[in-house]
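Structure, as structure tokens:
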Amino acid sequence: MMRFRFSARCAMLWAVAAVGLATLGACSSPPGRFYTLGTGDESAIEIGTTHPSYLIDMRQVKVPASVARSQLVVQVNTAQVKILEDDRWASPVADEIHNALLVAVARQAGALDAKEFTRSDNVPVYQISADVQRFESWPASHALIDVVWSIRASNASQTLVCRSLVSQHVSAGYEALVEGHRRAIQTLAAQIAAGLRDLSARSTTVHGGTGQAALSCPSLARPSDAGIEAPVLGAAH
């Protein structure tokens, strides 16, 4: 009789434990999702740039405090945002923007990262700064980035300062939002690369003895995607 009661009690305890484990499993959080702004072609900047005409020194990117976190932040309306605990950046968003810009600008301008290349007096170095004013994610609507950026040659006094606003239409889903930001940054990088090429060409002209030409922010033809807005404002200092 005692053996039966003991066995019944053990069976009851095992049943309670099994229910508890099942409950914990049902309440556990789903696995997190991590996103990056990289395009996977980081090695492309090394192709054809063994002897670059110039190097770029991409400074640390500044972002608004409201999005300076690991979680994705999406707009609910103009006055409200939602922080997504299960959807995060693979690295701090400022680093994601920095790395994506560095790769895209270097590739489009035919330059190399100054930190990865032995500097030479014959190869000018251009410092690029980016101060993000807005980094907005509107689900099933658009991804927007508003950036004040500047380019300055390490051996020159002039600085090109411009402001770019790029907005990309996106479909539903957070992956689509990230892809929209990725395309927006590629558009921004094309503008910066155009400014870099122009600044380098003007610097060569000056050293050739034809005088210092006035700087202006580059314009960019509107891509086929009608959702892109890419005005560029600014001046040289």
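The values are calculated or read from the model by the stated rules, or taken from the named source; none is laboratory data. Being a predicted model, the structure only gives us computed values, none of them experimental. Cβ placement follows ideal geometry from the backbone for every residue including glycine, while neighbour counts extend to all protein chains displayed.
For segment 145-165, indicate whether the set of residues that are over 24 Å from Leu215 (Cβ atoms) and either at pLDDT below 95 or surrounded by 15 or more Cβ atoms within 10 Å (Cβ to Cβ) (or both) is non-empty. First the steps, then the outcome.
Quick first cut of segment 145-165, residues over 24 Å from Leu215 (Cβ atoms) only: none.
No: zero hits.
All but one of (1) over 30 Å from Arg202 (Cα atoms); (2) in a strand (DSSP E or B); (3) among the aliphatic types (A, V, I, L, M) hold for Ala140, so report the exception by its number.
So the condition that Ala140 fails would be (2).
Which one of these does Ser203 not meet: (1) among the small types (Gly, Ala, Ser); (2) closer than 21 Å to Leu55 by Cβ; (3) modelled with pLDDT of 95 or more?
Failing condition for Ser203: (3).
Starting from residues that are of a type in the set (Gly, Ala, Ser) and within 18 Å of the chain's Cα centre (by Cα), keep the ones in segment 75-99 and report whichever is farthest from Met58 (Cα to Cα).
Here the residue is Ala90.
So, in segment 65-120, of the ones that are free of Cβ contacts under 8 Å to residues at least 12 places away in the same chain and of a type in the set (A, V, I, L, M), which residue ends up surrounded by the most Cβ atoms within 10 Å (Cβ to Cβ)? Talk me through it step by step, then tell me what you get.
Taking segment 65-120 and keeping what is free of Cβ contacts under 8 Å to residues at least 12 places away in the same chain, we get 65, 76-80, 82, 116, 118, 120.
Checking which are of a type in the set (A, V, I, L, M) leaves us with 65, 76, 79.
Values: Ala65: 6, Val76: 10, Ala79: 6.
Looking at residues that are free of Cβ contacts under 8 Å to residues at least 12 places away in the same chain and of a type in the set (A, V, I, L, M), I get Val76.
Among the residues that make up segment 182-189, is at least one of them hydroxyl-bearing (Ser, Thr, Tyr) and in contact with a Lys or Arg (Cβ under 8 Å, 6 or more places away or on another chain)? Reasoning before the result, please.
Restricting attention to segment 182-189, the residues satisfying the condition of being hydroxyl-bearing (Ser, Thr, Tyr) are 187.
With the extra rule that they be in contact with a Lys or Arg (Cβ under 8 Å, 6 or more places away or on another chain), the set shrinks to none.
Checked segment 182-189: no residue is hydroxyl-bearing (Ser, Thr, Tyr) and in contact with a Lys or Arg (Cβ under 8 Å, 6 or more places away or on another chain).
In this structure, does Lys82 turn out to be in a helix (DSSP H, G or I) and more than 23 Å from Cys162 (Cβ to Cβ)?
Numbers: in a helix (DSSP H, G or I): no; more than 23 Å from Cys162 (Cβ to Cβ): yes.
For Lys82, the condition - in a helix (DSSP H, G or I) and more than 23 Å from Cys162 (Cβ to Cβ) - is not met.
Residues checked against (1) closer than 20 Å to Ala94 by Cα; (2) hydroxyl-bearing (Ser, Thr, Tyr); (3) out of contact with any His (no Cβ under 9 Å at 6 or more places or on another chain):
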| residue | (1), (2), (3) |
| --- | --- |
| Ser129 | yes, yes, yes |
| Gln133 | yes, no, yes |
| Ala140 | no, no, yes |
| Ser167 | yes, yes, no |
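Scan segment 116-144 residue by residue and report those that are out of contact with any strand residue (DSSP E or B) (no Cβ under 9 Å at 6 or more places or on another chain) and modelled with pLDDT of 95 or more.
Within segment 116-144, just Ala140 meets the criteria.
Would you check if there is a residue in segment 148-171 being touching a Phe, Trp or Tyr at 6+ places or on another chain (Cβ under 7 Å), aliphatic (A, V, I, L, M) and part of a strand (DSSP E or B)?
yes
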